[in-house]
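Enquirer: Just dropping this structure here.
None of the figures in this text is laboratory data; all of them are computed from the coordinates on show. Source: prediction; values computed, not measured. With ideal geometry, Cβ positions are generated from the backbone for all residues, glycine too; neighbour counts draw on all protein chains shown.
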Amino acid sequence: MAIDPEQQPISSVSREVGKSSGEISSEREPLIKENHVPENYSVVAAILPFFFPALGGLLYGYEIGATSCATISLQSPSLSGVSWYNLSSVDVGLVTSGSLYGALFGSIVAFTIADVIGRRKELILAALLFLIGALVTALAPIYSVLIIGRVTYGVSVGLAMHAAPMYIAETAPSEIRGQLVSLKEFFIVLGMVGGYGIGSLTVNILSGWRYMYATSVPLAVIMGIGMWWLPASPRWLLLRVIQGKGNVENQREAAIKSLCRLRGPAFVDSAAEQVSEILAELSVVGEDKEVTFGELFQGKCLKALIIGGGLVLFQQITGQPSVLYYAPSILQTAGFSAAGDATRVSILLGLLKLIMTGVAVVVIDRLGRRPLLLGGVGGMVVSLFLLGSYYLFFSASPVVAVVALLLYVGCYQLSFGPIGWLIISEIFPLKLRGRGLSLAVLVNFGANALVTFAFSPLKELLGAGILFCAFGVICVLSLFFIFFIVPETKGLTLEEIEAKCL
């Protein structure tokens, strides 16, 4: 999309955003213009601005896979390599959920500092905390230090999961933006598979859990160096101008240089025009105006918050964190007595998750959101009751547990996994989308941490069979929520979603 410089020169935008009152001129250009001109860009140049931020997703996914195996290694009298291996169910719950509590705190911090330091510096900070958290965890001499390392790593997860999608979306060429943002989610699942794989290789060696966590160190270093080398987001640079927090000409020149680096030599001639376009769009949508927290709980945004918050809440309380973190332990209980056997089956779960994520990306715009949600969650109901029935009635047939877990993972990745986050990115009105998403992220990490922490004690108190059946009942409730509350957004523009669905 390009604008006519004769109709909207940069100088006029500068005069508008430079007013002491901070008001935007009432004369506004339409956001969507005819005769769309495709952007010039280099595919090679677009790879690194995607890859380095996406490493944050890879490190997040890796932590999930590695922790599921590390809890087995930590509790082994012969292989843990520590004297405090006799962990209670609460201790294990803190190991697994410590990073999630950190992520919850990190997501709160992110929405406070993100527009002040920018996406690039936020990702550099995340890489630094990934490095510190991984080192502290891997070298922990006592249990309390281990938990400190897990929480520190979690803070970096919260920062990275906030900044990475924004940086990728703001720097990617519009023609391939959707593919790159989707690939970032794919990196998370790829990290899980990697965590399961490293865990399988090291779970049977002395202090294997230390090697599992130490593997994150080189990835964090690469991410930090890469983000230090990458330029700041040009849209963030210009957003600061619109909000009266920078010099127009200096920031404009910085944004042009940033775009040239991000898009490659083919973009040099059109960089100035693209910067003019971004400035004009920011002026039109009124990005200079602050919104209040209370507006999230009024009118259309309240309905969007119910839809989005409800989806990510059900996404977690239907058992997903427990399956990911405790898959090896569940499989050991199901009859795979050797730690190596359990973690190898966990790799199979991760590969299935990877494949089904790809399937969901391919079919979601053909079948729609609601059919995939209803069908996938329906399959989750069957799998959870099947898993509960195994523990209650069919304990002599461990294959039942494996089939149930595979069915659960596959159905989750067709439904709650990708679609929950897709809908919350679509459903909030533009003016309040950032803060609405912040609440959804807080609900997600908070529910994730609670379920992960509570699973082990509840499993000990109620038994695995009753607990998985309880998750099945919650899944049934989520089906009613999806059927009666969640709208179909396939084929609708964001403006149409706001007009028709809220």
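Enquirer: Tell me the net charge near residue 103. Cut-off is 13 Å between Cβ atoms, residue 103 excluded, with +1 for each Lys or Arg and -1 for each Asp or Glu.
Expert: Within the 13 Å Cβ shell, the charges total 0.
Enquirer: Looking at 254, 223, 211, which one has the Cα that reaches farthest to the positive end of the dipole of segment 208-259 (charges on Cβ: Lys, Arg +1; Asp, Glu -1)?
Expert: Final value for the positive-end residue is 211.
Enquirer: Still on this structure, please answer the following. If you count, for each residue, the other Cβ atoms within 10 Å and average over each peptide, how do 183-196, 200-213, 458-471 line up from highest to lowest?
Expert: Going from most to least packed, we get 183-196, 200-213, 458-471.
Enquirer: Something else about it: Please tell me which of these pairs span more than 29 angstrom C-alpha to C-alpha: 300/353; 245/303; 303/459; 353/490; 121/257; 245/300?
Expert: Flagged as over cut-off: 300/353; 245/303; 303/459; 245/300.
Enquirer: Peptides 360-371, 228-239: what's the order by average Cβ count within 10 Å, highest mean first?
Expert: The peptides rank, most packed first, as 228-239, 360-371.
Enquirer: Compare the peptides 99-105, 472-478, 347-353 by average per-residue count of other Cβ atoms within 10 angstrom and give them in order, highest first.
Expert: The densest-packed peptide leads the list: 99-105, 347-353, 472-478.
Enquirer: I would also like to ask the following. Show the residues, 5+ positions off or on another chain, whose built amide H is closer than 5 Å to the amide H of residue 76.
Expert: Answer set, sorted by chain and number: none.
Enquirer: How compact is segment 66-161 by the rule of thumb for globular proteins, expressed as Cα Rg over 2.2 N^0.38 Å?
Expert: It is 1.18.
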